[in-house]
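J.: Handing you a structure now.
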Amino acid sequence: MKEFRDKVAVVTGGASGIGAALVRALLSEGAKVVIGDVEEGALKKALEGFDGEVSGVVTDVSDPASVEALAEQTYSAHGACHLLFNNAGVAAPSANIWETTPNDFRWVHGVNVHGVMHGIQSFVPRMIKGGAEGHIINTSSHDGGISPLPYQSVYASSKAAVSILTECLAAQLESEGTNLGASLFYPSGGMLDTGIWTTDRNRPKEFERERPGIPSPTVEQFKEASEKAGWTLQFQDLDELARFTLDGVREKRFVIAMNLAETEVTLSDRAKRIGAGNLPIDPQGIPQI
Ligand SMILES: NC(=O)c1ccc[n+]([C@@H]2O[C@H](COP(=O)([O-])OP(=O)(O)OC[C@H]3O[C@@H](n4cnc5c(N)ncnc54)[C@H](O)[C@@H]3O)[C@@H](O)[C@H]2O)c1
């Protein structure tokens, strides 16, 4: 899809961070956008700040009925969806797996993995039936999709699942001869100052930790720990990242990520370690917070 003018785009998690930047980029190209986000107050506030044809539906992507309602409202308002960004995501506090709780996994995998799956199940049949050219963009993370941070096991395992799901989806859409494609989006280019650092704001009571939690680090704590570990942090502008993502969709790239040459080095290093029967990540190489 070369041209986004008058195309209908659905962005989950579009009230904040990367999703909001995607909404701004889509609107600036003349697309009509529907945001599905669970945080009602933030959604309302975000909608007031956007410029263009945009609406919002309070949606919990972890609930199939809620995502189905998002699809129904999108189709009754616009009669189509050409671009689906399964972007909503949350993260659990860092912990060794044996220190996590079932609810850490239920919540994070419910939103990050089941949320993407619900988006595909509610929208793709409608998009296929509509017959128009369309694209599904699933947001993964280097943390899991490329190389996991061991102390981020809940989040990393959810994003690894998103990457594999999207690979299967793209292959299926092509082999079935549909007019749809899929891309795997890795937010990249540096550190991203988004709401993910306060992700617990969206954690529902029913998925509260069964034991007192390990507090999530703030951006400042992460900066401090990284500096101690000798890492130089550089922040990526979110609007530039969103424009880069739309270019990736235009160019039908399956993997949409900045600095892919570095990713290739990481992956070939992992492949070598795996080929030798070894643990692909260096347990000492990652700063703990
Ligand atoms: N920030 C990063 O460093 C980074 C890196 C790689 C990947 N990602 C991924 O990018 C995506 C966007 O995250 P972000 O960094 O912009 O964080 P963010 O917190 O700013 O945005 C996430 C959005 O998702 C919404 N959301 C949360 N739970 C939801 C639910 N159940 N249903 C619907 N919406 C829900 C939030 O309200 C919020 O608007 C996520 O999938 C995240 O995992 C982020």
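J.: So, in Å, what gap is there between the alpha-carbon centers of the range 245-288 and the range 26-73?
T.: Computed from Cα coordinates, the inter-centre distance equals 31 Å.
J.: Identify the chymotrypsin sites (Phe, Trp or Tyr not before Pro) of the range 73-150 meeting these criteria: DSSP loop state and at most 16 other C-beta atoms within 10 Å of the C-beta.
T.: Here no chymotrypsin sites (Phe, Trp or Tyr not before Pro) fit, given the DSSP loop and packing criteria.
J.: Treating the angle as unsigned and between 0 and 90°, give the value, to the nearest 10°, between the Cα long axis of helix 153-175 and the longest Cα principal axis of the chain.
T.: 40 degrees
J.: Rounded, prolate or oblate: which fits the range 3-82 when a ≥ b ≥ c are the square roots of the eigenvalues of the alpha-carbon gyration tensor, with rounded for a/c under 1.5 and prolate only if a/b beats b/c?
T.: Values: a/c = 1.90, a/b = 1.14, b/c = 1.66.
Oblate, because a/c is 1.5 or more while a/b does not exceed b/c.
J.: So which residue, out of Gly190, Gly56, Gly36, gets the largest mean-square fluctuation from a GNM of the chain using Cα contacts under 10 Å as springs?
T.: Checking each option, the largest mean-square fluctuation is seen for Gly190.
J.: At most 16 other Cβ atoms within 10 Å plus a DSSP loop assignment makes a site exposed; report the longest stretch of the chain without any exposed trypsin sites (Lys or Arg not before Pro). Can you show the working numbers first?
T.: On the way: sites that count: Lys2, Arg5, Lys252, Arg253.
With trypsin sites (Lys or Arg not before Pro) excluded where exposed in loops, the chain gives 6-251 as its longest stretch.
J.: Taking the Cα atoms only, what angle lies between the long axis of helix 64-78 and the longest principal axis of the chain, rounded to 10 degrees?
T.: 40 degrees
J.: Okay, moving on. For a bin width of 10 Å, list the pair-distance distribution of the chain built from all Cα-Cα distances, rounded to whole %.
T.: Over the chain, the share of Cα pairs per 10 Å bin runs 6, 29, 37, 21, 7, 0 percent.
J.: Now for a separate question. Between Val154, Gly177, Val111, whose Cα lies farthest towards the positive end of the dipole of the range 8-259 when Lys and Arg beta carbons carry +1 and Asp and Glu beta carbons carry -1, centred on the Cα centre?
T.: Gly177
J.: Find, among the GluC sites (Glu not before Pro) in the range 1-96, those assigned to loop by DSSP (not H, G, I, E, B) with at most 11 other beta-carbon atoms within 10 angstrom.
T.: Here the sparse-neighbourhood loop sites are Glu3.
J.: Considering all alpha-carbon pairs of the range 154-289, what whole percent are spaced by more than 21 angstrom?
T.: Every Cα pair in the range 154-289 considered, those over 21 Å come to 60 percent.
J.: On full extension of the chain, what length is gained from Thr198 through Glu72, given 0.36 nm per residue of separation minus the C-alpha to C-alpha distance? Intermediate values should be presented prior to the final figure.
T.: Details: separation 126, 0.36 × 126 = 45.36 nm, distance 3.05 nm.
Full-extension gain reported as 42.3 nm.
J.: Between Ser55 and Glu3, what is the FRET efficiency for a Förster distance of 22 Å, r being their Cβ-Cβ separation, to the nearest 0.05?
T.: Working: r = 21 Å, r/R0 = 0.98.
It comes out at approximately 0.55.
J.: Still on this structure, please answer the following. Taking only C-alpha pairs under 8 Å that are 6+ residues apart, what is the relative contact order of the chain in percent?
T.: On the way: 523 pairs, mean separation 55.3, N = 289.
Relative contact order comes out at 19 percent.
J.: When the chain is modelled as a GNM with alpha-carbon springs shorter than 10 Å, which of Val219, Val265, Val124 fluctuates the most?
T.: Highest fluctuation among the options: Val265.
J.: With each pseudo-label sitting 7 Å past Cα toward Cβ, what's the Gln284-Glu210 distance in nm, one decimal?
T.: A separation of 3.6 nm, rounded to one decimal place.
J.: When the helices in the chain are scored as -39500 (n - 2.57) per DSSP H run of 4 or longer and the sum is shared across all residues, what 222 nm value do you end up with, to the nearest 500 deg cm²/dmol? Please list the in-between numbers first.
T.: On the way: 10 runs with 127 residues, N = 289.
About -14000 deg cm²/dmol.
J.: Further question on the same structure: Once you have the Cα-Cα distance between Thr232 and Glu29, take 0.36 nm times their residue separation minus that, and quote the gain in nm to one decimal.
T.: Values: separation 203, 0.36 × 203 = 73.08 nm, distance 3.43 nm.
Between Thr232 and Glu29, full extension yields 69.7 nm more.
J.: May I ask you to give the average projected area over all directions of the convex hull of the Cα atoms of the range 35-128, in nm² rounded to one decimal? Each step should come with its number before you reach the end.
T.: Numbers: hull surface 28.3 nm².
Reported value for the Cα convex hull: 7.1 nm².
Each reported figure results from applying straightforward, stated rules to the coordinates on display, with no laboratory input. None of these values were measured; they are calculated from a predicted model. Quick reminder, even Gly has a Cβ in these numbers, built from the backbone with ideal geometry, and neighbours come from all protein chains shown.
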